[in-house]
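What follows is a short report on a single structure.
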Amino acid sequence: MPTIQIDGKEYEVEQGRTVLQAIDDLGLLMNGVEIPHYCWHPKLSIDGSCRLCQVEIEGVSKLQIACNTLVRDGMEIRTTTEAVRDAREGVMELLLVNHPLDCPICDQAGECKLQDYAFEYGAKHARTREPRRPAKKAIELGPTIVFDQERCILCRRCVRFCREVPRTGELGVFSRGEESRLEVFPGMKLDNPYSMNVADICPVGALTTKDFRFKVRVWFLDDVPSVCNGCSKGCNVWGSRSNNRLYRYLPRRNDAVNQTWICDTGRLSYKQFSEGRLSLPRIRGRETGYTEALAAAVRILSEAREAGAAVVGVASPFAANEDLFALRGLLSDLAAPDAVYTVPRGDSDDLLIQAEKAPNAAGARELGMRESAEGPGKAAVAIVLGHGFGPEAFEEVDALILIDTHESPLLQAAEVAVPSRSFAEKLGTFTNSARRVQRFQPMLEPRFEAWSEGEIVWRIGAGLGLDRFRSAYDPAAISRQIAEEFPAFAGISLESLDDAGRELG
Ligand code: SF4
Ligand code: SF4
Ligand code: FES
């Protein structure tokens, strides 16, 4: 392992890394060691074109670009000298020659690298009098992305992304010198399942998503770490919220799961929390209060218990591990068989998108639940989480107790329906397709009375007088119980997990 010095401090780094990569590996990039950069991105090939990342290296007469200079043992790197600062100011002056003074009306303002570095290294006044290079505005590159040519600094991150990640190659830089332009190849559209990532990696406001542009100023948003529930990959995301409303998902870097990317379908799935929600409890279709609905569920189950009638359970691969464990406990106390569940399936690829379109099918499997195509079969009572199965699966069930986040045709068949919190409104864990347990936390407050599936099950169990439900519902305590009962979860709990998650043993 070579030892290098950065601004006088010694670090051991990996052989074969560039200076910028090594500093990123150490977790110091823009986090103690400030090396501004545009064209370099940790998950893309090196371009070396913007020249902003220049640093001084002892014994080398000219400044070197940190993104394309390999580390070597004994290397002494300086990032804060006058020569380095002069170089950064020179690069910024060149970049700003043609850039419009657009910040007040640009969607990127507040999270723009050009704005940030211009503030830090830009000249107070332009030295040119010539008009800025004319270029086009608001060009639709495809169904998801709008391009503002004036703002583009030709870093080619978007070009490399399309070539290297989805490998669709829709974008290129055409012409030379002053005439250079980013464009879509003739006859093509920027249209691939990961297209919106280009807006995240564009360091300026040249690429914006149709979905987010002009919705809200970014300084009104705060970002909560979470996990996408669109498929079993469990990509890590930031949910950007303001006034109890989610405005977007952004990818959150997790090299063990999704690198720094998410798919477009997952990105837009933040909308699910406001649309089509089941907001009021119902008894036989009539809207009622939460207390009445829970009392009705308890009554139905205790009558079945007294009569020795069959009770069955249906789990949901959209519910958290803690919800599923609570259901498992209730079914076991009622001498019911293991819960069944069904998983919606769709397209997959070799990048991120998984065929299982639910976040916790692996969790249901690990907790001993059984996947079934038919449903739970004949019974007096079914306790059902979610609407994976349609009403036809319950034709041989006398009374259906439904706990769900959204309205569905199953509502018509339910004796009792209780609204539950979506995962965006609660704390819990999902297990992804690679058996990695990941934590999520509330991004939103529910707009109506609703508890998590686990808490509803818990309160029904308490209403039935069952011992294990005597204490107050506590997902953290449940996660510890899971770890005790299932060896694969040993050492994993809501408190011990960090934002990167942990693989099952
Ligand atoms: S559109 Fe953005 S990411 Fe693409 S080359 Fe221009 S500045 Fe770079
Ligand atoms: S690949 Fe799956 S988990 Fe990842 S963003 Fe897309 S839908 Fe969400
Ligand atoms: S980041 Fe190094 S040259 Fe652009």
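Residues that are modelled with pLDDT of 95 or more and surrounded by fewer than 19 Cβ atoms within 10 Å (Cβ to Cβ): does region 414-424 have at least one? Checking region 414-424: not a single residue is modelled with pLDDT of 95 or more and surrounded by fewer than 19 Cβ atoms within 10 Å (Cβ to Cβ).
Within region 201-222, can you find the residues that are of a type outside the set (A, V, I, L, M, F, W, C) and touching a Ser or Thr at 6+ places or on another chain (Cβ under 8 Å)?
Of region 201-222, the ones of a type outside the set (A, V, I, L, M, F, W, C) are 203, 205, 208-211, 213, 215, 217, 222.
If the condition is that a residue be of a type outside the set (A, V, I, L, M, F, W, C) and touching a Ser or Thr at 6+ places or on another chain (Cβ under 8 Å), then THR209, LYS210, ASP211, ASP222 are the ones that fit.
Among residues of region 345-357 that are among the hydroxyl-bearing types (Ser, Thr, Tyr), those with a Cβ under 6 angstrom from a residue that is surrounded by fewer than 16 Cβ atoms within 10 Å (Cβ to Cβ), sequence gap 6+ or separate chain, pair up as SER348/ALA355.
Answer with yes or no whether TYR117 is within 16 Å of ligand 3 (Cβ to nearest atom) and not aliphatic (A, V, I, L, M). So TYR117 fits the description; yes. Only residues that are in contact with a helix residue (DSSP H, G or I) (Cβ under 7 Å, 6 or more places away or on another chain), within 21 Å of ALA361 (Cα to Cα) and touching a residue at least 24 places away in the same chain (Cβ under 8 Å) were counted in region 388-403, giving 1.
Might you check whether a residue that is in contact (Cβ under 8 Å) with a residue 60 or more places away in the chain, of a type in the set (Lys, Arg) and within 14 Å of ligand 1 (Cβ to nearest atom) occurs anywhere in region 159-171? Yes. Of all residues in region 46-62, none satisfies being within 16 Å of ligand 2 (Cβ to nearest atom) and touching a strand residue (DSSP E or B) at 6+ places or on another chain (Cβ under 7 Å). Listed by first and then second residue, the pairs linking a residue in region 306-320 that is within 19 Å of ALA361 (Cα to Cα) to a residue that is aromatic (Phe, Trp, Tyr), with Cβ atoms under 6 Å apart and 6 or more places separating them unless they lie on different chains, are ALA315/TYR341; PRO317/TYR341. When region 55-95 is filtered for residues that are in contact with a Pro (Cβ under 9 Å, 6 or more places away or on another chain) and within 17 Å of GLU10 (Cβ to Cβ), the ones remaining, listed by number, are VAL71, ARG72, ASP73, GLY74, MET75. With respect to the conditions (1) out of contact with any strand residue (DSSP E or B) (no Cβ under 8 Å at 6 or more places or on another chain); (2) at positive phi; (3) charged (D, E, K, R), ARG156 falls short on a single one, namely (1). Checked against the criterion of being more than 16 Å from ligand 3 (Cβ to nearest atom) and either without any contact (Cβ under 8 Å) to a residue 40 or more places away in the chain or under 16 Å from PHE430 (Cβ atoms) (or both), region 377-384 contains not a single residue that satisfies it.
The one condition from (1) away from ligand 3 (no atom under 16 Å from the Cβ); (2) part of a helix (DSSP H, G or I) that CYS67 does not meet is (1). Taking region 30-56 as the range and being free of Cβ contacts under 8 Å to residues at least 24 places away in the same chain and more than 11 Å from ligand 3 (Cβ to nearest atom) as the test, the residues that pass are MET30, ASN31, GLY32.
Looking for whichever is more than 16 Å from ligand 2 (Cβ to nearest atom) and either on the phi < 0 side of the Ramachandran plot or not assigned by TED's automatic domain parsing to the domain that holds ALA379 (or both) here; the options are LEU268, LEU250, LEU278, LEU246. Which one fits?
LEU278
Among the residues of region 325-344, the one identified as touching a residue at least 60 places away in the same chain (Cβ under 8 Å) and of a type in the set (D, E, K, R) is ASP333.
The values are calculated or read from the model by the stated rules, or taken from the named source; none is laboratory data. Model, not experiment: these values are computed from the prediction. Note that each Cβ is placed from the backbone with ideal geometry, even for glycine, and that neighbours are counted across all protein chains shown.
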